[in-house]
């Protein structure tokens, strides 16, 4: 049987995996995310069909790549955030993905892209610096599909997500047309079995040739998934041509950071620009022993302990809210770390309120209250309401301190 995944599960293919593995604060990164060109090269290594492409770092290299590929090409900004196509550059150019007809126009466009910052729906207002462009050949096709292989943590199983409605924001599809997204669970040890292929074919109503080609792609994806310790292999769009063949036009892959000792060659692909793009705020938080992950909502969170932080995010979602972040302040919070936590959260313009949820075990709630008050003194008045929940050691004293403070609007709970 197949299942229709919820929009939260689709987000899980991209974000929940990150949140789940952020429990180990001693690690600077939770996962390795590859650029499109790196993911395409990996697919090519495993004989998965992809368009020809060339990486370029200067406008001249872009022009040369277009000439080598034979004319009309797609020039794609290489950043580790989504929404490139509808993004905008600080140069004034609209769109992080451009179609060019010749080398001359490609070189002119590249000059407006390289060295400039691209702002998308997934970046902050500053955007990300584009230092690499991927020039890919254009190919003819009839349909755009979506295909992903990931981990369904709720069902403790790897899963394939497939849709004939690819080439768009998959979260929107999941929310507005959930019947168009199908999930197939499978055994990691058994891989892509004939029964799984039969279920896929029946649900998608594919022809014999399409089924055979999908089976080949999935089998090779499974090899990547297991051999490279992947957590997400996402192909969007997977395009279908009139002859029943499929080609992977764009790919985004993520890999378990715990596998770095086994996957040294893979993790060596990360450079300083990638770390800045992928986790600039997260790395800043790490310097203060905070574990921070940006999410999609507008409720900021400051919590101690990864388990409680995850439960807090889930509780907010259960009651109809949406968290702007996961932030674990740890068990040794100080005024300095609390100040940095609030500074990071308040920097996010999406945040409309902040929830502080602290359980005092070894850590004392009155000390947390003093830290919050101290942070407010240093930062000035908070621009949004803050709700403080203190439970455990010295919680009554902590709530009294917070309630008596006149520094900011606060609702103790």
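Just so it is clear, none of the values below were taken in a lab; they were calculated from the coordinates. These numbers were taken from a predicted model, which means no experiment stands behind them. Please note: Cβ atoms are built from the backbone with ideal geometry, for glycine as well, and neighbour counts cover all protein chains shown.
Structural remarks
- Shape call, the stretch 56-149: gyration tensor on alpha carbons, a/c limit 1.5: oblate
- For the chain, the longest principal axis of the alpha carbon atoms and the long axis of helix 335-347 meet at an angle near 50°.
- Computed from the Cβ-Cβ distance with R0 of 30 Å, the FRET efficiency linking residue 216 to residue 140 stands at 0.90.
- Candidate values [x] 41, 22, 19; [y] 60, 26, 19; [z] 42, 26, 18, label of the one derived for semi-axes √(5λ) of the Cα gyration tensor in Å: [z]
- Rounded, prolate or oblate (a/c below 1.5 giving rounded, otherwise prolate when a/b exceeds b/c) for the stretch 361-405 by Cα gyration tensor: prolate
- Relative contact order (%) - criterion: Cα under 8 Å, at least six apart; region: the stretch 288-412: 25
- Estimated inter-spin distance, residue 112 and residue 155, nm [label 7 Å along Cα→Cβ]: 4.5
- Between 0 and 90 degrees, the angle of helix 59-69 with respect to the longest Cα principal axis of the chain falls at about 40 degrees.
- For the options 240, 262, 52, a Gaussian network treatment of the chain with springs between C-alpha atoms closer than 10 Å singles out 262 as fluctuating the most.
- Using alpha-carbon coordinates, inclination of helix 194-204 to the longest axis of the chain, degrees: 90
- Theoretical gain in end-to-end length, residue 72 to residue 262 [0.36 nm per residue, Cα-Cα removed]: 64.4 nm
- Taking the fewest neighbouring Cβ atoms within 10 Å as the starting point, the ordered list for 319, 35 is 319, 35.
- Counting 0.36 nm for each residue step from residue 125 to residue 57 and taking away their Cα separation leaves a gain of 22.1 nm.
- Over the stretch 58-203, relative contact order from alpha-carbon pairs under 8 Å, at least 6 apart, %: 19
- Burial ordering of 242, 77, 105, fewest other beta-carbon atoms within 10 Å first: 242, 105, 77
- Entry note, the chain: relative contact order of 14 percent, from Cα contacts under 8 Å with a spacing of 6+ residues.
- Förster-model FRET efficiency, 41 Å R0, residue 207 and residue 284, C-beta, rounded to 0.05: 0.20
- Residues 80, 133 arranged by fewest to most Cβ contacts within 10 Å: 80, 133
- Cα gyration tensor category, rounded, prolate or oblate, for the stretch 288-412 with a/c compared to 1.5: rounded
- For the pair residue 352 and residue 319, the difference between a 0.36 nm per residue extended length and the Cα-Cα distance amounts to 10.2 nm.
- The label point for residue 400 and the one for residue 104, both projected 7 Å from the Cα toward the Cβ, are 8.1 nm apart.
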